[in-house]
Amino acid sequence: MPAQNRDTLQLEDAVRISGPSAFNIMLKPAGSLCNLDCHYCYYLDKAEIYGGKEPRMSEEMLETVIREYIAANDVPEVTFNWHGGEPLVLGLDFYRKALDLEKKYAGDKNVHNTIQTNGTLLTAEWASFFRENGFLVGLSLDGPQDIHDRFRKDKGGAPTFNRVMQGLRLLQDAGVDFNTMSTVNRASEGRGLEVYRFLKSTGSRYMQFMPVVEHVKYPPGSRKKVRPFIVDPAAEGAALSPWSVSSRAFGQFMCDIFDEWVRGDVGNIFVGLFDATLANLCGVMPGTCAYDRTCGGNSVIEHNGDLYPCDHFVYSQYRLGNIREQSIRSMMESPRQVRFGIDKRNGLPGKCLRCRYLPLCNGECPKHRFNRTEAGETGLSALCEGYSLFYAHTLPYMQKMRELLEQGLPPAYVIPWARLSR
């Protein structure tokens, strides 16, 4: 898109900006602190921003964040998304205090909580706490043992699969609602169906698959013997990490899962990319920011109150400010945040604007948009080929599900049709 149009506001932007304030914030009460050392973790290196210290959100800051976040949302439902690092390292008392503060400031709003964990610190006490307080737990689980343990190791280099599975069983025994978050990395290539069937066998009915495409930079003189820093793709000397999934392999991974899902699991198993694709095809919000037209509605508050526009853009140059100095509302409505949001749409290269799949992917996540088009334009997703493969393969079935919805019928009615079309 021409540079002079990069700041263009569309009617949908004006409606969003002038309407009731509503947004999500991911809270990082322990910053990047974690008991694991996953190769592909893009957040571990954020400690460098804060002097390499092991952070912990103070009770004073916790109260400020909870009060401000609830007040800044002009909607009846507010959700706290606790994230990390590993948020469980703070212990149960921290979250008991958080719940007390939520009740103190909720007013007439309904407050919900979700938490993303690697699962290795889960105990029966944690599970009971989550059940009793209605937490939705996101569990990081990459697939069968050899896939999961390939890149998800602890600080001592030991595998983590068995501990995660023990944590999963504790959640199930306590009746805790959970979903699974699985990265799609080099170890996953060609094994989509195997991963999907494994996750189903664990009892997961809600699955998110996150492609790993990261850039790294090794410290000077390290000769690649130490863990590299995961850096902004624009950083000098940045190179694609060896654990990144290839574009086509990611697309095929999702196609292989879709083929089984559409012939037997629609309405019973929910996969984030599938739901978002159908939603965009039907003209409704996709529910996942990566596939929305603009960004900016899912920001991050660090342990010290620093606010960033996105979990994937926690770099000093993107810092919006600190809630000790500015309100959350003012930062979320600031020109910098608005610009960050609309740049996702306004920065698309011409190839994307001419693509039939643009209404489905909307250029995908800006963190992956570092490739150039054949014409030399910047801003093309590194996963473009994979997404094109996925959309070409699944679109007939998605269109059938849209027809069913338009007739007032459940999308699961696509299953017999899909079986016949094999």
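The values are calculated or read from the model by the stated rules, or taken from the named source; none is laboratory data. No experiment lies behind these values; they were computed from the predicted model shown. Cβ sites come from the backbone with ideal geometry, for glycine too, and all protein chains shown count toward neighbours. Just the protein is used for accessible areas: all its heavy atoms, side chains included, with ligands, DNA and RNA removed. Shrake-Rupley method; radii C 1.70, N 1.55, O 1.52, S 1.80 Å.
May I ask you to order 159-171, 71-83 by the average number of other C-beta atoms within 10 Å around their residues, highest value first? Intermediate results must be reported in sequence, preceding the final value.
Details: 159-171: 18.8, 71-83: 17.1.
The packing order, highest mean first, is 159-171, 71-83.
When 1/r is averaged over all different Cα pairs and the result inverted, which Kirkwood radius in Å belongs to region 87-167?
Values: mean 1/r = 0.0702 Å⁻¹.
It is 14.2 Å.
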Net dipole in debye of the chain [+1 Lys, Arg Cβ; -1 Asp, Glu Cβ; about Cα centre; nearest 20]: 900
Sequence-distant lysines (8 or more away, or on other chains) whose Cα lies within less than 17 Å of LYS217: LYS46, LYS225, LYS367
Set of aspartates and glutamates near LYS109 by C-alpha distance (under 12 Å), chain-local residues within fewer than 8 positions excluded: ASP74, GLU77
Rounded to whole Å, sorted largest first: equivalent-ellipsoid semi-axes of region 207-323, Cα gyration tensor: 32, 23, 11
Hits among aspartates and glutamates - C-alpha to C-alpha of LYS200 under 14 Å, sequence gap 8 or more where chains match: ASP142, GLU260, ASP265
Fraction of beta bridges assigned by DSSP in region 180-278 that are antiparallel (%, nearest 5): 40
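Please figure out what share of the DSSP beta bridges in the chain is antiparallel and state it in percent, rounded to the nearest 5. Can you show the working numbers first?
On the way: 13 of 41 bridges.
The antiparallel proportion sits near 30 percent.
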Whole-Å distance, taken between Cα centres, linking region 139-213 and region 267-327: 23
Overall Cα dimensions of the chain, principal axis frame, Å, largest first: 58, 57, 54
Cα centroid separation - region 83-126 against region 30-44, whole Å: 19
Label-point separation, ARG372 to GLU260 (7 Å along Cα→Cβ), nm: 4.1
Structure-based [θ]222 nm, the chain - -39500 (n - 2.57) summed over DSSP H runs of at least 4, per residue, nearest 500: -11000 deg cm²/dmol
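Per residue, how much accessible area does region 115-213 have with a 1.4 Å probe, in Å²?
Working: 3930 Å² over 99 residues.
I get 40 Å² per residue for region 115-213.
Got the relative contact order for region 346-422 handy, in percent, Cα pairs under 8 Å and 6 or more residues apart? The partial results should precede the final answer.
Numbers: 61 pairs, mean separation 15.2, N = 77.
Result for region 346-422 is 20 percent.
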Furthest towards positive pole of dipole, PHE313, SER381, GLY272, structure part the chain, Cβ charges: SER381
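Averaging the inverse of every distinct alpha carbon separation and then flipping it gives the Kirkwood radius. What is it for region 283-422, in angstrom units?
On the way: mean 1/r = 0.0575 Å⁻¹.
Kirkwood hydrodynamic radius for region 283-422: 17.4 Å.
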Accessible-area composition of the chain, carbon plus sulfur, in percent [1.4 Å probe]: 51
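Which trypsin sites (Lys or Arg not before Pro) in region 116-159 sit in a loop by DSSP (not H, G, I, E or B) and have at most 14 other Cβ atoms within 10 Å of their own Cβ? Intermediate results must be reported in sequence, preceding the final value.
On the way: sites: ARG131, ARG150, ARG152, LYS153, LYS155; in loops: ARG152, LYS155.
Answer in residue order: LYS155.
Could you provide, to the nearest whole Å², the per residue accessible area of region 278-422 with probe 1.4 Å?
Working: 6640 Å² over 145 residues.
I get 46 Å² per residue for region 278-422.
How much net charge surrounds ARG248 when only other residues with a Cβ under 10 Å from its Cβ are counted (Lys, Arg +1; Asp, Glu -1)? Don't jump to the answer; show the numbers that get you there.
Numbers: positive: none; negative: GLU189, GLU385.
Combined, the nearby Lys, Arg, Asp and Glu give -2.
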Extension gain from GLN145 to SER327, taking 0.36 nm per residue of separation minus the Cα-Cα distance: 61.0 nm
Antiparallel bridge percentage (DSSP; both residues within region 62-198; nearest 5): 5
Neighbourhood charge, 9 Å Cβ-Cβ cut-off, centred on GLY363 and excluding it, Lys, Arg +1 and Asp, Glu -1: +3
Of HIS112, TRP82, PHE94, farthest towards positive along the dipole that unit charges on Lys, Arg, Asp, Glu beta carbons give region 72-167: PHE94
